[in-house]
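Report on the following structure.
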Amino acid sequence: GAVVSQHPSWVICKSGTSVKIECRSLDFQATTMFWYRQFPKQSLMLMATSNEGSKATYEQGVEKDKFLINHASLTLSTLTVTSAHPEDSSFYICSALSGGSTDTQYFGPGTRLTVL
Amino acid sequence: QKEVEQNSGPLSVPEGAIASLNCTYSDRGSQSFFWYRQYSGKSPELIMSIYSNGDKEDGRFTAQLNKASQYVSLLIRDSQPSDSATYLCAVEGYGSYKLIFGSGTRLLVRP
């Protein structure tokens, strides 16, 4: 099956620092990846769509200068949370869109970010 | 505002029973529908996808879709304690690969 990895699985950082999260599709190429955020006891909220070779598109209310997305290859997308603050603490999950005849999104294991 | 609605639960069923999870959506143009299972602290895991009206079966799971009623359901037969999790209904927006998630239904299977 399609496998998506994320790194790191958890990170603790000080307020004001930047954190980079990597999302990789391990056994398939993904021209499109998605970044979600999930707060405790809430559902997944789409933050942005990451397209290989082009700029990411952000959902309404998501600051593109704060959440930098780079999709440099067909298997790697990165999310950088710049100048992180405690309110950015959340569970960040990426997904990769499978190619071919299906449009299934396969999710990475998630990254738990805690900003002190 | 495109929405996906689910009962938050918890839905409690005894082991071996059938669990029925329901979902309604607002975007009539949606063509693709998914059920994901999410254990606490983990990311969602795909269980089923369904694209056409009717039933789709995969092992103990059956997804049902009724586009006229804008209704999707998931039946879990012979429920096991390991099925205890939050089940997320996701609907793909028309003309887009973006998924809109419901808030999830928490299922508890009692031994």
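Taking region B:89-111 only, how many residues are facing another protein chain (nearest Cβ under 10 Å), in a strand (DSSP E or B) and over 20 Å from residue B:57 (Cβ atoms)? Result for region B:89-111: 5.
Yes/no per residue for (1) in a loop (DSSP other than H, G, I, E, B); (2) without any contact (Cβ under 8 Å) to a residue 12 or more places away in the chain; (3) under 23 Å from residue B:36 (Cα atoms):
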| position | (1), (2), (3) |
| --- | --- |
| A:53 | yes, no, no |
| A:61 | yes, yes, no |
| A:69 | no, no, no |
| A:78 | no, no, no |
| A:83 | yes, no, no |
| A:103 | yes, yes, yes |
| A:106 | no, no, yes |
| A:113 | no, no, yes |
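Among the residues of region B:31-67, write down those that are open to solvent by 70 Å² or more (accessible area, probe 1.4 Å) and without any contact (Cβ under 8 Å) to a residue 12 or more places away in the chain. Listed by number, the residues that qualify are B:42, B:45, B:55, B:56, B:57, B:58. So how many residues does region B:12-30 have that are open to solvent by 50 Å² or more (accessible area, probe 1.4 Å) and either assigned to a strand (DSSP E or B) or of a type in the set (A, V, I, L, M, F, W, C) (or both)? Number satisfying all stated conditions: 6. Residues of region A:1-14 that are among the small types (Gly, Ala, Ser) and either surrounded by 13 or more Cβ atoms within 10 Å (Cβ to Cβ) or within 14 Å of residue A:96 (Cβ to Cβ) (or both): A:1, A:2, A:5.
Of the residues A:50, A:83, A:25, the single one that is over 29 Å from residue B:8 (Cα atoms), polar (S, T, N, Q), more than 10 Å from every other protein chain (Cβ to nearest Cβ) and open to solvent by 40 Å² or more (accessible area, probe 1.4 Å) is A:83. Would you mind stating whether residue A:44 is open to solvent by less than 30 Å² (accessible area, probe 1.4 Å), closer than 17 Å to residue A:111 by Cβ and facing another protein chain (nearest Cβ under 10 Å)? In short, yes. Within region B:4-62, the set of residues being β-branched (Val, Ile, Thr), away from every other protein chain (no Cβ under 14 Å) and closer than 16 Å to residue B:101 by Cβ comprises B:24 only.
Applying the set (1) in contact with a His (Cβ under 6 Å, 6 or more places away or on another chain); (2) modelled with pLDDT under 95 to residue A:22 leaves exactly one unmet item: (2). Could you say whether any residue in region A:58-76 is surrounded by 17 or more Cβ atoms within 10 Å (Cβ to Cβ), under 19 Å from residue B:92 (Cβ atoms) and either within 10 Å of chain B (Cβ to nearest Cβ) or within 10 Å of the chain's Cα centre (by Cα) (or both)? Within region A:58-76, not a single residue is surrounded by 17 or more Cβ atoms within 10 Å (Cβ to Cβ), under 19 Å from residue B:92 (Cβ atoms) and either within 10 Å of chain B (Cβ to nearest Cβ) or within 10 Å of the chain's Cα centre (by Cα) (or both).
The values are calculated or read from the model by the stated rules, or taken from the named source; none is laboratory data. Quantities reported herein were computed from a predicted structural model and do not represent experimental measurements. Every residue, glycine as well, gets a Cβ built from its backbone with ideal geometry; the counts of neighbours run over all protein chains shown. Heads up: the accessible areas ignore ligands, DNA and RNA and are worked out on the full protein's heavy atoms, side chains in. Shrake-Rupley method; radii C 1.70, N 1.55, O 1.52, S 1.80 Å.
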